[in-house]
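**Student:** Starting off with a structure, shown below.
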Amino acid sequence: MFEQYTKSLYVNGEWLDVSLENTEKVYNPATLECITEVSFGGAKETQLAIQAANHAFPSWSELTGRERSQILYQAQSLIRKDQERLAKILTLEQGKPLTEALVEIQSAADFLLWYAEEANRSYGEWLPSSTSAKRMIVIPQPIGVVGAITPWNFPSSMITRKLAPALAAGCTVVLKPSPETPLSAIEIIKIFEKAGMPKGVVNLVTGDAEEIGKELLENKKVKMITFTGSTNVGKYLMRESAKTVKKIALELGGHAPMIVFEDADLNKATDLALASKFRNNGQTCICTNRLFVHEKIYKPFTEILTEKASKLIVGDGLEENTDLGPLINQEAVKKVQAHLDDAINKGAHVIYKGEPLNDQLKGHFYQPTILSNVSDRMLIMNEETFGPILPIQTFSNEMTVIEQANHTDYGLAAYIFTENASRAIRVSEQLEYGIVGVNDVFPAVPEAPFGGIKQSGIGKEGGHYGMDEFLEKKFISIGIDS
Ligand code: NAP
């Protein structure tokens, strides 16, 4: 599918051919085989990319929304036509099951489609003046060159969720994807190229995160950093952006609680608890990390849950029946194991563990595991695990469980299961999270705002809120003769 070496630096509409000594290997996490090597860029290539984006900005931003929209529309259509191949590439480098990869590719296209439409709806405002000698208008204008940094867990949709609104707004972009999954990023850029994106509007630099990041942060031509990734890196970017007072949008880590009340539909709640925890093998920023189950339904709930979990199949994402692919790398396996060991040492009980792994599975695999008897002292109840371990705690009181759910610095997503509408609203309002799913665990859609509060981030992606992030609001105050 790929040559031994794949060009991955796209600057000013050209795929740069850099020294072959400077490459980075891309591995399949299911087989540990090297898929290809990609170019390894640094400060110099980032500088060129920023220059190109800066040069392209005036003409791109002066196009009408309708004109920009046509290219985005064309890009989403090209993605859909090629979705099977793109999904396979995603699974090869990231590991998730092919069916999940296909859903992600469609979601990547959906963001482009939604913002192709939204490009036409960049409204300003006419303010009623307090004096008859003035007229006042507010016009939205694109912020300028944007540095976009993305992670490996959703290597396609995290890119279009940023680039689609930025481009629709009239911004130009320098993208730095994760080194674990550069191939999906390359494919998206090739699609923009095919869709007729003018030179310099979108640029791609893979390589040294620190060097690329430093240039993006220090270069005054870059007006905004949009980042999805860990809270620690987000804090660093926030600190460094301050030096040139850049705007920032941060989508960071999560530690989602799921609360299952005694009146919940157990069939629905168990299905969705498994979907939320084990989708992408637990490597999702909004996946359930702590499950609180009302003590009155704990027994039937866990019986149904473990029975359903026993049907989950671990394997290569390219195999048809796989539910859980590999984790991204060995570091991820070590972290999951450390969380499990710590929990067991502090008294947790393993109430379900998947079948021993097949000897032929050479990659970074881990069995789905469910724990009971967990306590707040355990790492797993305090940090993002990013793996397939589900800890369950019981509760008896609505107020106490809300306090427990809120007892974290994270504030991305939370879930509640109840058939009582008043409770659903009451509890949603009290949960300190940017997103609350009520009997729903798939809240990431193009038309709605997605983003965390507290240390889970700043700003929103999705909906008209997502495009607002890339627009300055200029106030024009006009004195008039009466
Ligand atoms: P990460 O380690 O923070 O890396 C994310 C991106 O930042 C990668 O491209 C990484 O490149 C880059 N990076 C790291 N240090 C940098 C620096 N000094 N300057 C510039 N770029 C730098 O996160 P990850 O492990 O890839 O992703 C998992 C995390 O993302 C989890 O915490 C998850 O919750 C979060 N996430 C959040 C959302 C959301 O919407 N809130 C969505 C998905 C994921 P290198 O790998 O080369 O260092």
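**Student:** How much accessible surface does Thr408 have with a 1.4 Å probe, in Å² rounded to 10?
**Tutor:** Its heavy atoms expose roughly 20 Å² to the probe.
**Student:** Also, quick follow-up: Computed over the Cα atoms, what is the radius of gyration of region 363-425 divided by 2.2 N^0.38 Å, N being its residue count? Show your work: numbers first, answer last.
**Tutor:** On the way: Rg = 14.0 Å, N = 63, 2.2 N^0.38 = 10.6 Å.
For region 363-425, the normalised Cα radius of gyration is 1.32.
**Student:** Sticking with this one: So what are the radius of gyration and Dmax for the Cα set of region 354-482, in Å?
**Tutor:** Cα-based Rg and Dmax for region 354-482 come out at 21.1, 86 Å.
**Student:** Using Cα pairs under 8 angstrom and six or more residues apart, how large is the relative contact order of the chain, in percent?
**Tutor:** Numbers: 1125 pairs, mean separation 88.9, N = 482.
So the answer I get is 18 percent.
**Student:** Beyond 16 Å, what share of the Cα-Cα pairs of region 83-153 is found? Please give it as a whole percent.
**Tutor:** Values: 1714 of 2485 pairs.
Everything past 16 Å amounts to 69 percent.
**Student:** May I ask you to give the percent of accessible area on the chain that is carbon plus sulfur, with a probe radius of 1.4 Å?
**Tutor:** Answer for the chain is 51 percent, counting heavy atoms of protein chains only.
**Student:** Restricting to DSSP H runs of at least four residues, report the calculated mean residue ellipticity at 222 nm for the chain, -39500 (n - 2.57) per run over all residues, nearest 500 deg cm²/dmol. Working shown, then result.
**Tutor:** Values: 14 runs with 183 residues, N = 482.
It comes out at -12000 deg cm²/dmol, rounded to the nearest 500.
**Student:** Take the Cβ-Cβ distance between Arg239 and Arg80 as r, set R0 to 45 Å, and report the resulting FRET efficiency rounded to the nearest 0.05. Kindly include the intermediate steps, with their values, before the conclusion.
**Tutor:** Values: r = 40 Å, r/R0 = 0.89.
After rounding, the FRET efficiency stands at 0.65.
**Student:** Length gain on complete extension for the stretch Lys44 to Ala448, per 0.36 nm per residue less the alpha carbon to alpha carbon distance?
**Tutor:** Numbers: separation 404, 0.36 × 404 = 145.44 nm, distance 3.76 nm.
Result: 141.7 nm gained on full extension.
**Student:** Listed here are the pairs Lys176/Lys247; Lys88/Lys162; Lys308/Lys454; Lys194/Lys473; which of them are more than 28 Å apart at the Cα?
**Tutor:** Numbers: Lys176/Lys247 17 Å; Lys88/Lys162 22 Å; Lys308/Lys454 34 Å; Lys194/Lys473 32 Å.
Over 28 Å Cα-Cα: Lys308/Lys454; Lys194/Lys473.
**Student:** Keeping all protein chains in position, work out how much accessible area Glu33 exposes to a 1.4 Å probe, and write it in Å² to the nearest 10.
**Tutor:** For Glu33, solvent-accessible area is about 120 Å².
**Student:** Could you give the nm distance between label points at Ser482 and Asp265, where each point is 7 Å from its Cα heading toward the beta carbon?
**Tutor:** 6.4
**Student:** Net charge around Ser375, counting only other residues with Cβ within less than 12 Å of its Cβ (Lys, Arg = +1; Asp, Glu = -1)? Before the final figure, lay out the partial values.
**Tutor:** Details: positive: Arg290, Lys346, Arg377; negative: Asp342, Asp376.
Value of the local net charge: +1.
**Student:** Please report, in whole Å, how far the alpha carbons of region 295-341 spread along each principal axis, starting with the longest.
**Tutor:** Ordered largest first, region 295-341 gives principal extents of 39, 30, 10 Å.
**Student:** May I ask you to derive the FRET efficiency for Ser310 and Thr99 from their Cβ-Cβ distance with R0 = 22 Å, giving the value to the nearest 0.05? Don't jump to the answer; show the numbers that get you there.
**Tutor:** Details: r = 20 Å, r/R0 = 0.90.
It comes out at approximately 0.65.
**Student:** Taking the Cα atoms only, what angle lies between the long axis of helix 98-118 and the longest principal axis of the chain, rounded to 10 degrees?
**Tutor:** Around 30 degrees separate the two axes.
**Student:** Relative to the longest principal axis of the chain, what angle (0 to 90°, nearest 10) does the C-alpha long axis of helix 330-345 take?
**Tutor:** 40
**Student:** Turning to a different aspect of this structure: What do the square roots of 5 times the Cα gyration tensor eigenvalues come to for region 215-349, in whole Å, largest first, as semi-axes of the equivalent ellipsoid? Mind dumping the intermediate values first?
**Tutor:** Working: eigenvalues 269, 70, 48 Å².
Computed over region 215-349, the values are 37, 19, 16 Å.
**Student:** In whole Å and largest first, what semi-axes does the C-alpha gyration tensor of region 409-482 yield when each eigenvalue is scaled by 5 and square-rooted? Mind showing how you got there, number by number?
**Tutor:** Values: eigenvalues 240, 45, 31 Å².
Taking √(5λ) for each eigenvalue gives 35, 15, 12 Å, largest first.
**Student:** For the chain, go through all pairs of different Cα atoms, get the mean of 1/r, take its inverse, and jot down that Kirkwood value in Å. Walk me through the intermediate numbers first.
**Tutor:** Details: mean 1/r = 0.0427 Å⁻¹.
So the Kirkwood estimate lands at 23.4 Å.
**Student:** With axes computed from alpha carbons, what is the tilt in degrees of helix 231-241 against the longest principal axis of the chain, rounded to the nearest 10 within 0 to 90?
**Tutor:** It works out to around 20 degrees.
**Student:** Let me ask something else. Using only Cα atoms, what is the ratio of the radius of gyration of region 43-137 to 2.2 N^0.38 Å? It would help to have the intermediate numbers written out before the result.
**Tutor:** On the way: Rg = 20.1 Å, N = 95, 2.2 N^0.38 = 12.4 Å.
That works out to 1.62 for region 43-137.
**Student:** Ignoring ligands, DNA and RNA, how do Trp126, Trp15 rank by accessible area with a 1.4 Å probe, largest first?
**Tutor:** On the way: Trp126 160, Trp15 55 Å².
Largest accessible area first, the list is Trp126, Trp15.
**Student:** Over the chain, with the other protein chains present, what is the accessible area per residue in square angstrom, probe 1.4 angstrom? Before the final figure, lay out each step's value.
**Tutor:** Working: 20330 Å² over 482 residues.
Per-residue value: 42 Å².
**Student:** Convex hull over the Cα atoms of region 182-228, averaged projected area in nm²? Don't skip to the end; give the middle numbers.
**Tutor:** Working: hull surface 15.9 nm².
Result: a mean projected hull area of 4.0 nm².
**Student:** Here is a further query. For region 329-373, what's the relative contact order in percent, using C-alpha pairs closer than 8 Å and at least 6 residues apart?
**Tutor:** On the way: 37 pairs, mean separation 19.5, N = 45.
About 43 percent, as a whole number.
**Student:** Among the aspartates and glutamates, which fall within straight-line cross-link reach of Lys243, defined as a Cα-Cα distance under 18 Å, with same-chain neighbours fewer than 8 residues apart omitted?
**Tutor:** Glu210, Glu211, Glu215, Glu218
The values are calculated or read from the model by the stated rules, or taken from the named source; none is laboratory data. Nothing here was measured: the structure is a model prediction, and the numbers come from that model. In this analysis, Cβ positions are derived from the backbone assuming ideal geometry, glycine residues included, and neighbour counts consider all displayed protein chains. The accessibility values were calculated without ligands, DNA or RNA, using every heavy atom of the protein model including side chains. Shrake-Rupley method; radii C 1.70, N 1.55, O 1.52, S 1.80 Å.
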